[in-house]
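> Pasting in a structure now, in structure tokens, and then I'll have a few things to ask.
Readers should treat all values here as calculations from the given coordinates under stated rules, not as data from a laboratory. Small disclaimer: the values here were computed from a predicted structure and weren't measured. With ideal geometry, Cβ positions are generated from the backbone for all residues, glycine too; neighbour counts draw on all protein chains shown.
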Amino acid sequence: NGNIAGIVIASCGMCNFGVKNARSCNLNIKIDDDVFPVEGTKIHEHGDPHSVEGFCNAVRVAYTEGKIKKRVFHADSFILIDVPSQN
């Protein structure tokens, strides 16, 4: 039914997921082998995408809720799961 509620892999579609038709860096999620652009939150709302842990340099994990419509994920909630400290 397109409803998503749970853990997903998130990153820049152009930089890390091989999205060919992307014109610029953009937030995407990956479920199995399918990659979906995200509406409802933007790549810059989660920090500098070009920082070490940013979406253009890292693949991150997020808890999200929303619905996939016409191959686009419409997020009602999108919460990045923190990277464990390397101490």
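> Would you point out the residue of segment 41-79, among those that are under 18 Å from residue 3 (Cβ atoms) and under 11 Å from the mean Cα position of the chain (by Cα), that is surrounded by the most Cβ atoms within 10 Å (Cβ to Cβ)?
73
> Across segment 23-35, what is the number of residues that are under 17 Å from residue 70 (Cα atoms) and either in contact with a helix residue (DSSP H, G or I) (Cβ under 8 Å, 6 or more places away or on another chain) or buried (at least 20 other Cβ atoms within 10 Å of the Cβ) (or both)?
Counting residues in segment 23-35 that are under 17 Å from residue 70 (Cα atoms) and either in contact with a helix residue (DSSP H, G or I) (Cβ under 8 Å, 6 or more places away or on another chain) or buried (at least 20 other Cβ atoms within 10 Å of the Cβ) (or both) gives 4.
> Within segment 4-24, track down each residue that is farther than 17 Å from residue 72 by Cβ and either free of Cβ contacts under 8 Å to residues at least 12 places away in the same chain or part of a loop (DSSP other than H, G, I, E, B) (or both).
Answer for segment 4-24, where residues must be farther than 17 Å from residue 72 by Cβ and either free of Cβ contacts under 8 Å to residues at least 12 places away in the same chain or part of a loop (DSSP other than H, G, I, E, B) (or both): just 18.
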